[in-house]
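Please treat every number below as a calculation from the coordinates, not as lab data. Worth saying up front: this structure is predicted, and the values here are computed from it rather than measured. Cβ placement follows ideal geometry from the backbone for every residue including glycine, while neighbour counts extend to all protein chains displayed.
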Amino acid sequence: MGKTLAEKVWDAHVVRRAEGAPDLLYIDLHLVHEVTSPQAFEGLRLAGRQVRRPDLTLATEDHNTPTLDIDKPIADLTSRTQIDTLRRNCEDFGIRLHPLGDTEQGIVHVVGPQLGLTQPGMTVVCGDSHTSTHGAFGALAFGIGTSEVEHVLATQTLPLRPFKTMAINVEGKLRPGTTSKDIILAVIAKIGTGGGQGYVLEYRGEAIRSLSMEARMTICNMSIEAGARAGMIAPDETTFEYVQGRPHAPKGKEWDAALEYWKSLRTDDDAEFDTEVTIDAEELEPYVTWGTNPGQGLPLSSAVPDPASFAGEAERAAAERALEYMDLRPGTPLREITVDTVFIGSCTNGRIEDLRAAAEIVKGRRKADDVRVLVVPGSDRVRLQAESEGLDKIFTEFGAEWRFAGCSMCLGMNPDQLSPGERSASTSNRNFEGRQGKGGRTHLVSPLVAAATGVRGTLSSPADLDPTPLPSRDHEH
Amino acid sequence: MDKFIRHTGVGVPLRYSNVDTDQIIPAVYLKRVSRTGFEDALFSAWRHDESFVLNHPSYRSGSVLVAGPDFGTGSSREHAVWALKDYGFKAVLSARFADIFRGNSGKQGLLTGELDQDDIERIWQVLEDAPGTEVTVDLEQREVRCAEIVAPMQVDDYTRWRLMEGLDDIGLTMRHIDEIADFEASRPSHKPRTLA
């Protein structure tokens with residue numbers, strides 16, 4: 001019997017296999033950031049251990065970093081200490097670091113692919129659950145805890161139990177106005193936040209094949225929201241084209257050798273998945289979440305659900321709690337929900353294509369009066385690219401705030417937070433209670449929905465907007 | 001790491017499903033660079049609510065958390081495990097755990113035992129009818145005992161062995177350092193490096 005893509009990559013990295021023990025897997029790339037690494041480096045020091053492969057390790061500052069006044073010392077002392085600790089650790093252990101202010105700085109999952117460090121067939125880990133992003137290249141990439149960070153630093157390996165495999169077949173073509181974000185929100189709504197536990201997801205089908213690399217990254221990024229540690233997409237011409245010519249892409253003969261290998265990285269026709277799920281892309285509409293976990297999502301055209309309509313007692317109780325926290329009433333059309341803040345950014349949707357898509361919607365328009373719109377590029381390179389295309393001007397003329405790169409309001413570890421009771425439409429990945437700031441309420445959306453929501457002030461898709469942008473700034477709402 | 005063979009302590013019924021790591025410990029507490037001292041951060045948003053289970057005097061000294069399904073979903077933050085341990089929890093029981101959380105717990109000696117949801121419901125009932133009731137988590141026998149209830153508990157063989165022996169993962173891997181070196185010698189040269 002043939003092998004799935006995930007099994008091929010796994011098998012190529014087994015250092016040691018023994019009865020009754022997990023496989024020992026070699027790690028090709030270890031990405032590091034300031035939040036989940038300090039205790040790992042401390043562990044190395046206490047045990048007198050070194051970093052085995054600094055040349056397979058890269059660090060960046062992203063979670064804590066401010067998106068304003070980045071040339072000034074970080075105001076929050078504990079954040080500053082954590083950043084300083086990463087800088088000292090990288091210096092002491094010989095690890096390459098892209099600090100705040102550096103052109104290559106940004107969210108770790110934007111930086112890796114952008115530098116060409118993420119390539120097909122690799123194993124990639126990081127002390128961050130959204131490491132699943134890199135699976136878009138046909139890499140086996142997953143988030144790890146701090147003990148595992150220490151383990152990889154010390155040994156460049158991890159003991160792991162094999163995953164089960166799940167095919168997510170996305171057939172047909174996406175309709176205009178729907179995006180890869182809507183695909184993944186629909187997948188999570190379908191299989192639930194625990195549906196992928198123990199699995200590696202492989203996204204397949206016509207709709208996936210036709211997506212750009214950046215759109216594929218958005219999908220793989222949120223695999224963890226379905227409970228799966230990793231999500232993958234088989235590499236193809238789109239992948240090879242994206243990687244070729246990047247700073248760390250193989251060159252010359254190395255490129256040829258790599259390409260030959262990469263072309264073998266697809267699930268064999270006679271391979272079997274443990275589970276298969278099918279989604280029809282043609283039926284998808286823009287999705288938004290109404291609750292406090294990413295599985296609580298519905299098409300934008302729907303209404304807030306009635307908890308009584310849920311089958312199980314646990315589901316019902318979860319929906320009741322979610323509606324109470326979100327301050328929503330059953331039956332309210334989702335389109336009538338008013339937001340205070342729109343956040344465009346994060347490792348899910350903070351790439352140049354996301355910013356272009358949002359900019360195209362807001363160009364020539366003016367944001368709704370009482371809405372704050374925050375646009376945070378995923379990396380400094382994305383910021384520079386956007387500025388070279390004039391996107392920053394489009395956003396600021398719209399009334400949005402244009403910021404420096406980082407994780408920002410996705411998780412509110414820096415000053416970019418929601419206030420208690422404030423409601424956001426956010427292109428990020430988690431709508432957990434308090435995720436974007438204590439008491440904050442989050443609706444997860446695509447960049448298109450975020451942009452349209454910024455225009456109207458209520459959850460909206462581009463189809464809800466007037467066909468022609470309004471020329472003047474004094475448009476009445 | 002301390003050995004875990006069996007533990008008996010006050011059971012705490014947490015009747016929520018999908019307890020994500022942002023609820024176990026919000027991101028604002030992740031700025032610290034230490035590995036201890038996270039007890040105050042545990043469930044910090046919920047602990048402001050007087051009716052929250054850990055604010056009930058009978059449960060305050062709890063050490064066995066009995067939670068709804070899909071416990072520990074979301075981020076990879078091991079701080080969630082540190083916060084539970086620092087508070088005094090030795091074991092968490094649930095019908096289903098998020099993969100990364102379960103892995104992190106195993107590294108830190110916090111037992112994550114999988115029980116049938118029916119057994120979880122029965123234990124909840126006992127703990128709510130008689131707050132302060134103790135629960136025994138027996139890793140050796142792979143079972144949980146509470147009042148008259150004896151429930152089978154699933155823990156994978158390898159994790160069970162490591163916890164019962166109190167073994168540190170890195171030390172175990174270091175025994176195979178020659179095999180790692182051999183593997184490295186065979187890696188294709190087209191694989192990227194971060195340093196020149």
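Round to the nearest 10 and give me the degree value, 0 to 90, for the angle of helix A:447-456's Cα axis relative to the longest principal axis of chain A.
20 degrees
I'd like the antiparallel share, as a percent to the nearest 5, of DSSP beta bridges with both residues in chain A.
So the antiparallel bridges amount to about 25 percent of the total.
For the pairs A:181/A:438; A:363/A:438; A:164/B:191; A:181/A:363, note any where the Cα-Cα span goes beyond 28 Å.
Distance filter (> 28 Å) returns A:363/A:438.
Give the separation of the Cα centroids, segment A:380-420 to segment A:60-105, in Å.
Spelled out, the Cα-based centre of one part sits 18 Å from the other.
In segment A:329-477, with Lys and Arg counted as +1 and Asp and Glu as -1 at Cβ, which of these residues, A:411, A:451, A:357, has the Cα nearest the positive end of the dipole, that is, farthest along it?
Positive-most Cα among the choices belongs to A:411.
If each DSSP helix of 4+ residues adds -39,500 (n - 2.57) and the sum is divided by the residues in chain B, what number results at 222 nm, nearest 500 deg cm²/dmol?
Estimated from H runs of four or more residues: -9000 deg cm²/dmol.
Name the residue from A:40, A:132, A:228 whose Cα lies farthest towards the positive end of the charge dipole of the protein assembly as shown, charges +1 on Cβ of Lys and Arg and -1 on Cβ of Asp and Glu.
Selected residue: A:40.
Neighbour counts of other C-beta atoms within 10 Å: give me A:309, A:180, B:63, B:186 arranged from fewest to most. All intermediate terms of the calculation are to be shown ahead of the outcome.
Numbers: A:309 10, A:180 30, B:63 19, B:186 7.
Listed from fewest to most nearby Cβ atoms, that is B:186, A:309, B:63, A:180.
With a 10 Å Cβ neighbour count serving as the proxy for reagent exposure, in which order, fewest first, do A:213, A:409, A:122 appear?
If I rank by nearby Cβ atoms, fewest first, I get A:213, A:122, A:409.
Listing A:10, A:290 from the residue with the fewest other Cβ atoms within 10 Å to the one with the most, what is the order?
Starting with the residue having the fewest Cβ neighbours, the order is A:10, A:290.
Can you show me the helix-derived [θ] at 222 nm for chain A, built from DSSP H runs with n ≥ 4 at -39,500 (n - 2.57) apiece and divided by the number of residues, rounded to the nearest 500.
On the way: 16 runs with 149 residues, N = 477.
That calculation yields -9000 deg cm²/dmol at 222 nm.
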